[in-house]
Amino acid sequence: MRRLLGLLVIVLFITLFALVIASGGLGYEVPPLRVRELARQFLIYAYNPFNTTFTAKSPEAVTSIVWDFRGLDTLFETLVFYLAIIGALSLYRGVESERRTEVISLGLSPIVKTVTKVTTGIIIAVAASIALHGHLTPGGGFQGGATAAVAPLLILIVFSKYFLENLGLRKNVLLALRSIGLLGIGMTAFSALIVGLMANSPAYVFQNQPKPDAPVGLPAYIGDSLISGTLWFFNFFEMFAVAAGFTVIFLLLGIPEGEILKQLKEEAEEH
Amino acid sequence: MIDVFTFLFTICMLSIVVNLGISLYGVLYKPSLIKKIISLTIFSDSANITAIIIGYVRWRNPGEIAPPVLLNPNPTLEDIEEFAKVAVDPLPQALVLTAIVIGLAVTLFLVFLTLQIYRFYGTTDVRRIAKLKG
Amino acid sequence: MNFASNVVGAITPLLAISSFSIPLLSLFIKNKKFYNAYALTISAIALAMSSWTFARLIEGGYKPIVYKFGGWPPPVGIVYEVDALNGLLGLYASLVMFIAFLFSTWYSKFIDDVTWYYTLLLGLETGIIGCIYTGDVFNLFVMLEVLSISAYGLAAFFTRRPTALEAAFKYAFIGALVTTLYFIATVILYSAYGTLNMADLLGKSTLASSSGFSGWLFGDVTSASLAAIAFTLWVFTFKSALFPNHFWVPDVYSAAPVPVIAAFSGAVEITGVYVVVRFMYTLFGAESVLALNGYRDSILLILLILGIASGIVGSLMMILQKNAYRLLGYSTISHIGLLYMVLSLGMSSIPSDVLKTALTALVYHIVNFGLGKVLMISSVGLVSTPTGERDLDKLSGLSRLYPIASIGITMAVFQLIGLIPFGGFYSKLLMYQAFISSGQPMLAVALIAISAISSLGYLKIFYALIFPPLLRSSVKEREGVVIPIVSALAVAVLLLGLFSPAVSKFIETVVENSLMPKGVKMYYESFIEVLRNYTGGG
Amino acid sequence: MLIASDPISASILISLVMLYLTLLLYIVIRVLKPKHSESSDESREMYLGGEHPSILSKPHVLQSGLYWAIVFRDFKKAYRGLVEKMHTGRVIDWAYYMTAWLLILLLLAIIALGISALV
C-alpha cells in the first residue's frame, strides 16, 4: 500500500511536469526561438559603451548577472557556503587534531611528490586566471577558488595533512583568510554607498557603475585594462574565501578516524 | 508533423523529468543515508539541467548560437544587437551557478552530519536512527 | 537623506558582514562577554533599522517602499519591496530575534563555544529578515537557504548528543529536498513569465499588464503557475510545519539550544506562513490565473482541512509528551494549524469583509502566539537550563526556585490558551467571528476544541513545573537578564489584550493596505512607479 | 450574540465567569490535594493495579501519570495510530505522510490542467 503511494507520487510528479512541458508551460516552443525579453536586456546591457548609466561593463553576461544585476543573490549564496562550513566546524568542535613536526617520511613516493611540487604552482596560476578574468571570460571567483583548493588537496594526499599544517595552512589561519576574503566582498558591496555618503550623492548597496539617479560608481578601467568596477574585486575576494573554505573542509576530513573515535570515547567516559 | 530536432529535444526534456522522478524516489524511500545523499545530488543536478535547458535557444544555422560572452572588446551598437540575437539566455546560467554552490554547501553539511551520525549510531540505516519518537 | 533611504537595503548585508567577521575576531578575543555584547548590538541595530523602516512606511501612508539593489530597476535587478504586512512582520521577527539574542547572553554560560553559535544565529536572522523583505522569488530561494542552513547547524549544535544529530539530519535532509523543489518552481515561473520579480509576476498573473523590461508572457502561464504553486506550497508548509509536514518540529525542539527554539517558533515558522500568504494573496490572488477551474479554491479548502488536522494532532500529541520542549513543539504545530485555518478563508465564495477579519485575526494571532511562545520558552528555559534536564518529571517543581519563571509560565499558558484579558483571547475571538460569519460554524467548533485539548497539554507544564513541591535540592542559578525579558514579555502579552480594540484596528489597517485588493494594487503601483521614475530619469 | 453587541460588558461578564471557574477549580484542587505524602506498607499492598509500587513513594502524581485515562483508555485507538503509525521517528515513515500531501497537490494541478484542456 505504502509502496504504491510512493510510486504514484513519482508517476504524478512526472505526469505533471510532462503536462506542463506539453502545454507550453516552459515556453511555447522548447527550446524557444529567441531569448526572453529580460535576457535580451541582460545581453545588451552587460557591456554597453553607448549607455553609460545602464551597464555592468562586463562582456561576460553571466558574471555581470551574478555579481552586478543580481549581486545580492551571490552575496547570500556565499553566506550559505560560509554557514555550511561553520556548521561543519561546529560539529567538529572539541575534536583536537594531533600536530606532528616530523613529516618527511610520510606520504607517497618521491616521484609523485616531485610532480606535485611542479603542478601545485600551475594549478594556482590557472585558478588565478580563471578568477581574475571572470568578468571577461567564463569563470569567476567561485570557480577559481574551487580550482585553487585542488592544490592543498593534492598536498594533503601526496605529502600528508601534517605537512600542509606545517606549511602554515592551519585551521585558524585559513579561517582568518576566509573571513578577510568575505569581509572584502562585504566592503565591496558597500563601496559605492560609502563613496556616495562621502560625496553626498545618492547611491545604493551593491552599486557598480553610475545610475541615472545615483551618479557614483567604481572605475571600470584601471589604465587600459577592463576591471568592470566591483566585479574584479568580488571575484578576487571570492577566490580567497572559497579556496580557504574548501581547504578547511579538507583538513577536517583529513583527521584520522581513529583519533576522533578515541576522543569521543574518552569524552563519553568522563560523563 | 514535428521536425527531428524538436523530437530529439523533447526526448531530452522527458528523460530529465524522469530522472527527477527517479531521484525523488531515491531521496524519499531509500533507507541508506549515503544513497539518499547521492539521490539528492542527482535531484538537484537534474533541476539545474532543467534550468539550463529552458534558457537554451533553438539552433537554426551554423554560427547562429553562441555562449553569452561578448568577444569583441570594442563593439559597435550593431555588434551588441547581433550578440543579443545569437547568445543563449544568461539568466538561468547565473541562477544555476547560485543553485550549484548552495547545493554543494548543503551536501557538504549533510555529509559531515552523516559522518557524525555514523560515529554515534554505528549505522546509516534511517530505520535504525529513530531515538526521537512519539 | 541619502543615508536614510538605504536603511532597508543595508539590514541583511550588514547582518551578513557581522556574521562573516566573527571567526576573525575569535582569533584575538576569547572572552564570551565580548561576543554576547557584539551579537546583541548587531541584533539591536537590525531591530532599530526594521522599526525605522516600518515607521517610515506608516509615515508614507503605507505606500510600499521599494529598494533597488545596485540601483537596477525591478525585473532587471533584485528589489526589496516592503509593504505594510512584511514591514510589520519584519519588525516582529527582528524583535523576536533580539529577544533570542538577549536570552543568549544569559544562556551562553551553559554552552562551550559561543563563536560558532553566534555566527549561525546571526545567519538565521539574516535569512529570516531576507525572506520577509524580499521582492524577488529567486532571492527568496537564496534567503530560504541561508535560513535553512543556519537552522540545521543550530539544530545540531549540541554535537555530542546523538538525538541532536538525528533531529538535525532529519530536518536538513528533507529541507534540502524541499528547497530544491522550490528552485524548480522558480525556474518554471521564470520560463513562463520571463521574470522573477514578485510585483511583475503579480502584474502578469492577475492584472494582465506587462512591464517594459520583461516583456509579455513566454509560455502557458496557467500550467506553469499550477505546477509552481503546487511545489511552493509543499515547500513552505514544510518550513511552517503544517500537519503532514510537521514531523521535524518536535525533534528539533527537543535537542536544540533554548534561544534557538524561541527563534524557531517565534520567527522561522512564521516566515513560512508569511510566504504562503504572499503567494496565495499577493502573487496569485483571487483574480489570477490560478483561480482557473476552482484550483485556488480547492487548494485553500485543503489547507483549511490540514489546518484543522494540524491543530488537533498537535494538541493531542501534547498530552503525551515527557520532554518539555517537545511538548512546546507540538503546541507550535497546533497554533500553526489555527493560523492556516484563518489563512485559507480566501475562497471565492467568502465575502471580502470576512476575509479581512480573517486576515486581521491571522496577523494578530501571529504576534500573540509568537510573543506568548517566546515568553513560555524563556521561562521554561530559565528553569531547565541550569540542570541540563529537559524531562518534565525531572524538572518537577523546579520553578519554585525561580518565581519569575512561574509568573512567566502562568502568563504564557493563559496567553496561548486564550484567556481574558490576554491577547490570545482576542485574536481567537476574531478568528471565531471570521468562522461564524463565513457561514461555517463547524470551524468555530474546531477552534474551540483545539484550544480545549491543547489546554490539557499546557496544564501539564504548569502541573509539572509549578504545582509540585521541590523534590531535590538544586542549586539556584542567577536569573540575570531573564527577569527583564520575562517581565517585559508578560507585560506585552497583557497589553496586547488590554488594548485589543486599538491593536486590532491597527492590524486591520495593515491588512487592508497589504493583502486586500487595495493593498495588492498599491504593491503593484509602487513597482510601476519605480520603473517610470527610472525610464523618465534616464 | 452578546459578544458582538457590546464588547465591554461581554468582556466583564466573561471575566467574571472565568474568575468563578478559577475559584471553583482552586477549591477542587484544594479539596483533592493529598494531606501528607508518606506511604505505608498497607497502601503498597492495596495498590496492585498494574503500576510499579515505587510511584507510591512520590509525594504527588508525576506528570507522566497525568491524563492516564485519556491516553490509555478513552483515545487509546487514536493514540496508537498517532504514535505507532505516524510519529515513529523514522524518516521513511514521515516521507509517506509528507508525499501524500504532495500527491494531493499534484493531483489537483493535473485535474485543473486536464479540465482546461478538455473545455
Probe 1.4 Å, all protein chains in place: accessible area of residue C:289 in Å², nearest 10? 40
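Around residue B:124, what is the net charge, scoring Lys/Arg as +1 and Asp/Glu as -1 over all other residues with Cβ under 10 Å from its Cβ?
Value of the local net charge: +2.
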Built amide H within the under 5 Å cut-off of residue C:136, gap 5+: C:198
Please list C:306, C:226 from largest to smallest accessible area, probe radius 1.4 Å, with all protein chains kept in place. C:306, C:226
Which whole-Hz ³J(HN,Hα) couplings does the stretch C:498-509 yield from phi under the Karplus relation 6.51 cos²θ - 1.76 cosθ + 1.60, θ = phi - 60°, glycine and proline marked x? 5, 9, 4, x, 5, 5, 5, 5, 4, 5, 5, 4
Taking only protein heavy atoms and a 1.4 Å probe, what accessible area per residue, in Å², does the protein assembly as shown have with all protein chains in place? 36
Once you charge only the Cβ atoms, +1 for Lys and Arg and -1 for Asp and Glu, what is the size of the charge dipole of the protein assembly as shown about its Cα centre, to the nearest 20 debye? 2300
GNM of chain B, Cα pairs under 10 angstrom: of B:70, B:24, B:91, the biggest fluctuation goes to B:70
Enter the angle in degrees (range 0 to 90, nearest 10) between the Cα long axis of helix A:71-91 and the first principal axis of the Cα atoms of chain A, meaning the one along which they spread out most. 10
In degrees, nearest 10, range 0 to 90: what is the angle between the Cα axis of helix C:221-239 and the longest Cα principal axis of chain C? 10
For the stretch A:21-34, in order, what is each residue's ³J(HN,Hα) by Karplus, 6.51 cos²θ - 1.76 cosθ + 1.60 with θ = phi - 60°, in whole Hz (x at glycine and Pro)? 5, 5, 8, x, x, 9, x, 4, 10, 10, x, x, 6, 10
Please state the shape class of the stretch C:168-269: rounded when a/c is under 1.5, otherwise prolate if a/b exceeds b/c and oblate if not, all from the C-alpha gyration tensor. prolate
MRE, 222 nm, helices only [DSSP H, n ≥ 4, -39500 (n - 2.57), over chain A, to nearest 500]: -20500 deg cm²/dmol
Sort C:535, B:114 from largest to smallest accessible area, using a 1.4 Å probe on the heavy atoms of the protein chains. C:535, B:114
Place +1 on the Cβ of every Lys and Arg and -1 on the Cβ of every Asp and Glu in the protein assembly as shown, take the dipole about the Cα centre, and give the residue among D:116, C:444, C:137 whose Cα lies farthest towards its positive end. C:444
For peptide C:227-240, the mean count of other chain Cβ atoms within 10 Å per residue Cβ is 4
13 Å beta-carbon shell around residue A:140, net charge (K/R +1, D/E -1): -4
How do C:442, D:18 rank by accessible surface area computed with a 1.4 Å probe, from largest to smallest? C:442, D:18
Probe radius 1.4 Å, ligands and nucleic acids left out: can you give me the accessible area buried at the B-C interface, summed over both chains, in Å² to the nearest hundred? 3100
To the nearest Å, what is the center-to-center distance of the stretch D:68-119 and the stretch C:455-521, using C-alpha atoms only? 32
Taking Cα atoms only, helix C:137-155 is inclined relative to the longest principal axis of chain C by an angle, in degrees rounded to 10, of 10
Taking chain A and dividing mean pair separation by its residue count, relative contact order in percent (alpha carbons under 8 Å, at least six apart): 20
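With an 8 Å cut-off on Cα pairs and a minimum separation of 6 or more residues, tell me the relative contact order of chain B in percent. Each step should come with its number before you reach the end.
On the way: 92 pairs, mean separation 35.6, N = 134.
The value is 27 percent.
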Within the stretch A:88-191, report the trypsin sites (Lys or Arg not before Pro) that DSSP leaves as loop and that have at most 12 other Cβ atoms within 10 Å. A:99
Give the distance, in whole Å, between the Cα centre of the stretch C:233-282 and the Cα centre of the stretch C:93-110. 19
Which residues, if any, in the stretch A:87-103 have at least 40 Å² less accessible area in the whole protein complex than in the isolated chain, probe 1.4 Å? A:90, A:91, A:92, A:93
Over the whole of C:498-509, what's the average partner chain Cβ count within 10 Å per residue? Rounded to a whole number, please. 0
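At a probe radius of 1.4 Å, figure out the A/B buried accessible area, summed over both chains, and give it in Å² to the nearest 100.
Details: alone 16620 and 10270 Å², together 21970 Å².
The summed interface area works out to 4900 Å².
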Using only atoms on other chains, find how many Cβ atoms lie within 10 Å of each Cβ of peptide B:116-123 and report the average. 5
Counting only protein heavy atoms and using a 1.4 Å probe, what share of the accessible area of the stretch D:66-119 belongs to carbon plus sulfur, as a whole percent? 68
Given GluC sites (Glu not before Pro), DSSP loops and at most 11 other Cβ atoms within 10 Å, the longest exposed-site-free stretch of chain A is A:103-271
Förster-model FRET efficiency, 41 Å R0, residue C:302 and residue B:125, C-beta, rounded to 0.05: 0.75
Which value, in debye to the nearest 20, gives the size of the charge dipole of chain C about its Cα centre, when Lys and Arg are +1 and Asp and Glu are -1 at the Cβ? 1120
What size of dipole, in debye to the nearest 20, comes out for the stretch C:310-512 about its Cα centre when the only charges are +1 on Lys and Arg C-beta atoms and -1 on Asp and Glu C-beta atoms? 460
Going residue by residue through the stretch C:82-97, the Karplus relation 6.51 cos²θ - 1.76 cosθ + 1.60 with θ = phi - 60° gives ³J(HN,Hα) values, rounded to whole Hz and with x marking Gly or Pro, of 9, 9, 4, 5, 6, x, 5, 5, x, 4, 4, 5, 6, 5, 4, 5
For residue A:269 paired with residue B:58, estimate the spin-label separation in nm (one decimal), with each label point 7 Å from Cα along the Cα-to-Cβ line. 7.4
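So how much accessible surface do B and D hide from each other in total, probe 1.4 Å, in square angstrom to the nearest 100?
Values: alone 10270 and 11360 Å², together 20760 Å².
Roughly 900 Å².
The values are calculated or read from the model by the stated rules, or taken from the named source; none is laboratory data. Since the model is a prediction, treat every value here as computed from it, not as a measurement. Quick reminder, even Gly has a Cβ in these numbers, built from the backbone with ideal geometry, and neighbours come from all protein chains shown. For the accessible areas, the whole protein counts, side chains as well, though only heavy atoms, and no ligand, DNA or RNA atoms are used. Shrake-Rupley method; radii C 1.70, N 1.55, O 1.52, S 1.80 Å.
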